[in-house]
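Read the structure below first, then the notes.
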Amino acid sequence: MKRIFFIASLGLLSSCGAYEYTDADRELQERLSGKTLVAELATVTIKSDGTFDGLAGTKRDIELSGTWEIKNGHYCRKLDQQLKGVPVNQCQIVEFISSNKVSFDGTKPDGRKPVIYIIK
């Protein structure tokens, strides 16, 4: 009996830290998954498998890649590489401006303006 209780307790403890997706999280994930986003200085493809890749810079000569997830209504990403002036880990507020335009803005004020992307 003690063994069953211990195993059940482990299952309960492991689920305590798990994030529960909301309907809004699922909707945001569906709206972004599989889309290519084009901005003045970046083109990024957000894949449904939780990864992304793209090119950045005025010449589109800087490769981007990493992982992403939706958490607490925010787009959270982790870059595979360190880029000057760009945080490796960042959660961003996403706002759909229109059916083909979306804004990404950091959740912590850092002086940078939101990035506006065209959805392809």
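Name the lysines eligible as straight-distance cross-link partners of LYS101: C-alpha to C-alpha under 27 Å, and not fewer than 8 places from it in the same chain.
In chain and number order, the partners are LYS35, LYS47, LYS59, LYS71, LYS78, LYS84, LYS113, LYS120.
Quick one: plug the Kirkwood hydrodynamic radius of the range 21-119 (C-alpha pairs) into Stokes-Einstein at 37 °C, 0.692 mPa s, and report D in µm²/s. Don't skip to the answer; put the middle values down first.
On the way: Rh = 13.7 Å.
Estimated diffusion coefficient is 240 µm²/s.
At a 10 Å Cβ-Cβ cut-off, how would you order LYS59, LYS71, fewest neighbours first?
On the way: LYS59 8, LYS71 12.
The most exposed by this proxy come first: LYS59, LYS71.
Return a whole-number percent for the relative contact order of the range 21-119, with Cα pairs under 8 Å and 6 or more residues apart as the contact set. Mind dumping the intermediate values first?
Details: 188 pairs, mean separation 19.2, N = 99.
Relative contact order comes out at 19 percent.
Each value in this text was obtained by applying a stated rule to the coordinates, not by laboratory testing. Predicted, not measured: the structure shown is a model, and the values here were computed from it. Reconstructed Cβ throughout: ideal geometry from the backbone, glycine too, with neighbour counts over all protein chains shown.
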